[in-house]
Amino acid sequence: MIIDFRSDTVTKPSLGMLEAMMKAPVGDDVFGEDPSINELENWVAGMFGMEAALFCPSGTMTNQIAIKCHTQPGDEVICDETSHIYQYEGGGIAFNSSASVKLLKGDLGRITAEQVLVSIQPDDPHRPHTSLVSLENTSNRGGGSCYDFNEIKKIQAVCREKGLAFHLDGARLWNALVAKKENPRQYGEVFDSISVCLSKSLGCPVGSLLLGRKDFIKKARRVRKVFGGGMRQAGFLAAAGIYALQNNIERLAEDHAHSKQIAEAISKKDFVKMILPVETNIIIFELKEGRSAPDLVAVLKEENILGYAISPSRVRLVVHLDITKVMVSKTITAFQSLK
Ligand SMILES: *Cc1c(COP(=O)(O)O)cnc(C)c1O
């Protein structure tokens, strides 16, 4: 038995999901004729109280389309320095949008309204033109940390006052909604665009959605075609998404409980210097001097436990729906006997 904590993207479609996929009615989505995709887009837009949605192959694509739609070449995007849009999308902000970035030092990936306010460039021809603020909730490199919704509202007020677009990279927003007992509509009310993933916590093989107003999604649909993301009978994938929305959201609470149990065992180890607060399904811990993260990952691998060294001294474990209770206890036992 391999216990794979490398990412929540390693899940395989369940039998129920596969059955839903096999039965999906499909059509050519570039012509807008795929009933399953139309149903998924309408459903998720409705959940968030937003006007429209666009199904895309990845969260990188939904984020990059949003950035492209909200900016002009030479504009500046404000985000946390650890943001996925900046660190892990292949330099896409520059590559796709010819835009510049203002990186802020947030608290576990979370930035504040005050930081945003003082980072907006003055109206001066020497300076880039600030046009977009992008948040990440939960924050991946922040160890799955969640925003306080009041801070999000404060940042939105700054954006509105200064005429900036406001985007959310909600790859794991489902985890935040469950952990903080929030309603998706709260998010739909404050953001101009939201990206959510189906292929992470929800266990789908493929797929992300970009949400926004009708005119924004119309523009986004054009950019998706330019980026090569117009798919044809992709309703088979949308059906997996519909199944996941029906079956896999509430159960995220189990993943969060599992990660807290594992984190507790890890925090007792002598070789652990510190562990980031565990709010959702991600565990990030730092090793004491003299211990190497790749070495620890190799030792765990001998026990068939897979993790990921995100730096020379930090290890990340991600809990997901293919991690069973038995796997959690095996992992805890393995950590207990580690020297
Ligand atoms: C995984 C992830 C994405 C999107 O990744 P894809 O692999 O392109 O779907 C975006 N943002 C965050 C924070 C992520 O963790």
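The values are calculated or read from the model by the stated rules, or taken from the named source; none is laboratory data. These figures come from a predicted structure and were not determined experimentally. With ideal geometry, Cβ positions are generated from the backbone for all residues, glycine too; neighbour counts draw on all protein chains shown. Accessible surface areas use protein heavy atoms only, side chains included; no ligands, DNA or RNA. Shrake-Rupley method; radii C 1.70, N 1.55, O 1.52, S 1.80 Å.
Give me the net charge of residue 44's neighbourhood, meaning all other residues with Cβ under 13 Å from the Cβ of residue 44; Lys, Arg count +1, Asp, Glu -1.
Within the 13 Å Cβ shell, the charges total -2.
Considering only protein heavy atoms and a 1.4 Å probe, what is the carbon-and-sulfur percentage of the accessible area of the chain?
Working: 7780 of 14950 Å².
Using a 1.4 Å probe with all protein chains present, the chain comes out at 52 percent carbon and sulfur.
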Q) Cα-Cα pairs above 39 Å in the chain: how many percent? A) 15
Q. Within a Cβ distance under 10 Å of residue 136, other residues only, what is the Lys/Arg minus Asp/Glu net charge?
A. +1
**Q.** Pair residue 326, residue 43: separation of 7 Å Cα→Cβ label points (nm)
**A.** 3.1
Q. Residue-wise, which Karplus ³J(HN,Hα) couplings in Hz belong to the stretch 260-272, taking 6.51 cos²θ - 1.76 cosθ + 1.60, θ = phi - 60°, and x for glycine or proline?
A. 5, 5, 5, 4, 5, 5, 5, 5, 7, 7, 4, 7, 9
Q. Can you flag which of 269/301; 200/330; 154/218; 268/301 are past 25 Å Cα-Cα?
A. 154/218
(Q) I'd like the accessible area for residue 174, computed on protein heavy atoms only with a 1.4 Å probe and all protein chains in place. Round to 10 Å², please. (A) 0
Q: Determine, from the Cβ-Cβ distance of residue 154 and residue 183 and an R0 of 22 Å, the FRET efficiency 1/(1 + (r/R0)^6), rounded to the nearest 0.05.
A: 0.70
Q.
Can you compute the FRET efficiency between residue 302 and residue 247 using 1/(1 + (r/R0)^6), with r the Cβ-Cβ distance and R0 = 35 Å? Round to the nearest 0.05.
A. 0.50
Q: At 0.36 nm per residue, minus the direct Cα-Cα distance, what do residue 18 and residue 161 gain on full extension? Give it in nm, one decimal, please.
A: 46.8 nm
Q. If you build a Gaussian network model of the chain, linking Cα atoms that sit under 10 Å apart, which residue out of 197, 79, 159 swings the most?
A. 159
**Q.** Residues whose placed amide H lies under 5 Å from that of residue 100, excluding near-sequence neighbours
**A.** 74, 75, 76, 77
Q. When the helix-only estimate is applied to the chain (DSSP H runs of n ≥ 4, each -39,500 (n - 2.57), divided by the residue count), what is the mean residue ellipticity at 222 nm, nearest 500 deg cm²/dmol?
A. -12500 deg cm²/dmol
Q: Tabulate in residue order the Karplus-calculated ³J(HN,Hα) for the stretch 53-67, using 6.51 cos²θ - 1.76 cosθ + 1.60 with θ = phi - 60°, rounded to whole Hz; enter x for Gly and Pro.
A: 9, 9, 7, 9, x, 8, x, 4, 5, 5, 5, 5, 5, 4, 4
Q | Candidate residues 162, 105: accessible-area rank, largest first, probe 1.4 Å | A | 105, 162
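Using a 1.4 angstrom probe on the protein heavy atoms only, line up 147, 243, 88 by accessible area, largest first. Before the final figure, lay out the partial values.
Numbers: 147 5, 243 55, 88 90 Å².
If we order 147, 243, 88 from most to least accessible, we get 88, 243, 147.
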Q.
If the only charges are +1 at each Lys and Arg Cβ and -1 at each Asp and Glu Cβ, what is the size of the charge dipole of the chain around the Cα centre, to the nearest 20 debye?
A. 320
